[in-house]
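Reading through the structure tokens given below for one structure.
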Protein chains: 2
Amino acid sequence: MSKFAWVTLTTNDTYSLGALVLAHSLKRAKTAHQLAVLVTPNVSQAMRDRLKEVYNVVQEVNVLDSQDAANLALLSRPELGVTFTKLHCWRLVQFEKCVFLDADTLVLQNCDELFEREELSAAPDVSWPDCFNSGVFVFKPSVDTFAQITEFAVKNGSFDGGDQGLLNQFFADWSTADIKKHLPFVYNVTAYASYCYLPAFKQFRDKIKILHFAGKLKPWLIQFNSETKVASVSSEYAHAQDLIQLWWNIFCENVIQSLSTEMQTPGNVASDRPAGEMAQGSTTLEAGLAGALSQLRIGQQRTPEQEAYENQMRRQCWESGQIDYTGADSFENIWKKISQTLERKTDKESEETGSS
Amino acid sequence: MSKFAWVTLTTNDTYSLGALVLAHSLKRAKTAHQLAVLVTPNVSQAMRDRLKEVYNVVQEVNVLDSQDAANLALLSRPELGVTFTKLHCWRLVQFEKCVFLDADTLVLQNCDELFEREELSAAPDVSWPDCFNSGVFVFKPSVDTFAQITEFAVKNGSFDGGDQGLLNQFFADWSTADIKKHLPFVYNVTAYASYCYLPAFKQFRDKIKILHFAGKLKPWLIQFNSETKVASVSSEYAHAQDLIQLWWNIFCENVIQSLSTEMQTPGNVASDRPAGEMAQGSTTLEAGLAGALSQLRIGQQRTPEQEAYENQMRRQCWESGQIDYTGADSFENIWKKISQTLERKTDKESEETGSS
């Protein structure tokens, strides 16, 4: 068994969709190493069961319930809640070395050579390239390092309020000390920023190993036609259409079958989560996408009602990602209507087949 | 006399405004080194005279008229015309080492330590940070290097059609070989991209040494009120308002007095320039800004007509920068009207004072 692991983090069932696709992308790329996922308390049991099918380790992280230094730190700096969740990857000391991947990344080619790099190796951030982007980084699990970063965070905070600012402050010599700790950008290509310099994207696209859907537009929020299985991207993403399509291909081939309405739906996402768990820009609407997507019938002709539902679902999720709640009621109404329709259909089928 | 020089390039009188402000920003930062500017044939004699007042060397570059290797190369790849213009900086062999600065950069602090770096040192590009941005780079003038790059360009072209793609292909190991050749980002901060990661901009802003107005929105196209001397920036640039204002402060204190209508005005910019000289996205309207700005009366109360003129001038230049020519006629009409008004005013003053 490899002593190396890929590690990701999910804070709700929707982000878990990303984690599931990510895991399958790693397996398609034939990684030789283990997979671990950190989950926060509000990831449903049904989703954890699915994650266990592809991840060797599914580790709950509950900073707020713990009695350790991280919890004490949070008492004085509650705004760092989500940041601290990600830091818990350093506690996976059953592994010698790990590569952290955000759940909104997609592995396109085998990247096992990343484990030859030392802590802390990462690729530059596109907006301020003397900072590394914390969506992909090589690290060495260590309880000592975890304690040091925690202590540092309490003392210094994070200049951007998140893990990226904190980790850049802690590993402050990244930009000047060692070129080997600069991962080539092809290990963390920001889908959106590459639009700003298309010639470079075209020049290097065959070398891209990991695509990162940083920002608001996640692949699971992109318009997808369940009948034709085609994702429709806006013009800013046209250059990366085939890569976004790849995310949905993996979703259709490996993920959707395992989803169920036991997962979070727009109706059953707890809205009273502690502030520390409001991670990754999630809202109750967006967080319920896993349960909603479980209702899709991939490759089958859609009724006009289903088509309208899919369009509305994606639009609503996108709007909620933009923190625009204006259409929330409308979305919930549609969800209710679809649920009623499905129930009626099931009742009707039961009558026809005579099953109970 | 220093054997080191700052080098820039201007291809018309409008970009020369940038070159003039840049030179004064270097002098304000008390550089110990020389200043050199490459000018293409269509920079007016009046503007060259002004450039000579602040630059130690004003060197005409006329690739198309020369009989050298660069010209031969251009015959086979005419699309590289502008690219080749910039490469001529390697021929400034009277200097031991140089730092190239695009004319749309602004030096905020003394940066003489850059001359301790070796060729080719540059800062990462924000859109594809494994490429360096060619707006600021340290190089060693050499006729041999010039010939090698020229030969390389003819053989390989440029992946982005410009000097940045070409230089990144030629100095291909920049991203992996030597961290010392990675200039800190503070030596080439892209004004626009920093908006995407404001916490980093705020965290490092006191350390910014060179600001780069890369992209379409140049400081000379930003709305400026000649009466209050205040530049009005859009929300994307609000974080950098004081830095854009600094550009205009230098313009008002050191540059505008030396402008004249002998420089290019919207009416007298040659539109039949060879393709190789259509550099830096210039249009005849935008290229005539120097002559137009010479008419401003800084710090004086504006007539409503002057105010309308200033607003219209900037808007038209901005639109022409966007390659939107729809308002061109309207702008030229306004220019004519203002010219007529100024002529009438001059005639009237002549009558009043009795001067000829």
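Here are a few things to note about the model shown:
- For B:F185, the conditions (1) surrounded by fewer than 22 Cβ atoms within 10 Å (Cβ to Cβ); (2) closer than 22 Å to A:G162 by Cα are fulfilled apart from (1).
- Taking first residues from the stretch B:188-200 that are farther than 16 Å from B:A103 by Cα and partners that are assigned to a helix (DSSP H, G or I), the Cβ contacts under 6 Å between residues at least 6 apart in sequence or on separate chains come to B:S194/B:F201; B:Y195/B:E236; B:L198/B:H239.
- So B:V255, is it under 19 Å from the mean Cα position of the chain (by Cα), at pLDDT 85 or above and of a type in the set (V, I, T): yes
- Scanning the stretch A:83-127 for residues that are within 14 Å of chain B (Cβ to nearest Cβ) and in contact with a Ser or Thr (Cβ under 9 Å, 6 or more places away or on another chain) gives A:T83, A:A122, A:P124, A:D125, A:V126, A:S127.
- Meets criteria (closer than 18 Å to A:A29 by Cβ, of a type in the set (D, E, K, R) and more than 10 Å from chain B (Cβ to nearest Cβ)) for A:K229: no
- If the condition is being among the hydroxyl-bearing types (S, T, Y), within 14 Å of chain A (Cβ to nearest Cβ) and crowded, with 16+ Cβ neighbours inside 10 Å, then the stretch B:128-176 contributes B:S134, B:S158, B:S175.
- Sole exception among (1) within 14 Å of chain B (Cβ to nearest Cβ); (2) part of a helix (DSSP H, G or I) for A:E253, by number: (1)
- Which listed residue, of A:L106, A:L92, is buried (at least 22 other Cβ atoms within 10 Å of the Cβ) and modelled with pLDDT of 95 or more: A:L106
- Hits in the stretch A:176-218 - residues which are among the basic types (K, R) and either modelled with pLDDT of 95 or more or more than 14 Å from the chain's Cα centre (by Cα) (or both): A:K180, A:K181, A:K202, A:R205, A:K207, A:K209
- Single condition A:L211 does not satisfy, out of (1) more than 10 Å from every other protein chain (Cβ to nearest Cβ); (2) at positive phi: (2)
- The residues in the stretch A:193-205 that are open to solvent by 20 Å² or more (accessible area, probe 1.4 Å), at the interface with chain B (Cβ under 9 Å from one of its Cβ atoms) and out of contact with any Asp or Glu (no Cβ under 6 Å at 6 or more places or on another chain) can be counted, and the count is 6.
Conditions tested, residue by residue: (1) of a type in the set (V, I, T); (2) within 15 Å of the chain's Cα centre (by Cα); (3) surrounded by fewer than 24 Cβ atoms within 10 Å (Cβ to Cβ).
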position: B:W6; (1), (2), (3): no, yes, no
position: B:A19; (1), (2), (3): no, yes, no
position: B:S25; (1), (2), (3): no, yes, yes
position: B:V37; (1), (2), (3): yes, yes, no
position: B:V43; (1), (2), (3): yes, yes, no
position: B:M47; (1), (2), (3): no, yes, no
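The values are calculated or read from the model by the stated rules, or taken from the named source; none is laboratory data. These numbers were taken from a predicted model, which means no experiment stands behind them. Reconstructed Cβ throughout: ideal geometry from the backbone, glycine too, with neighbour counts over all protein chains shown. Ligands, DNA and RNA are stripped out before the accessible areas are found, and what is left, the full protein with its side chains, is counted by its heavy atoms. Shrake-Rupley method; radii C 1.70, N 1.55, O 1.52, S 1.80 Å.
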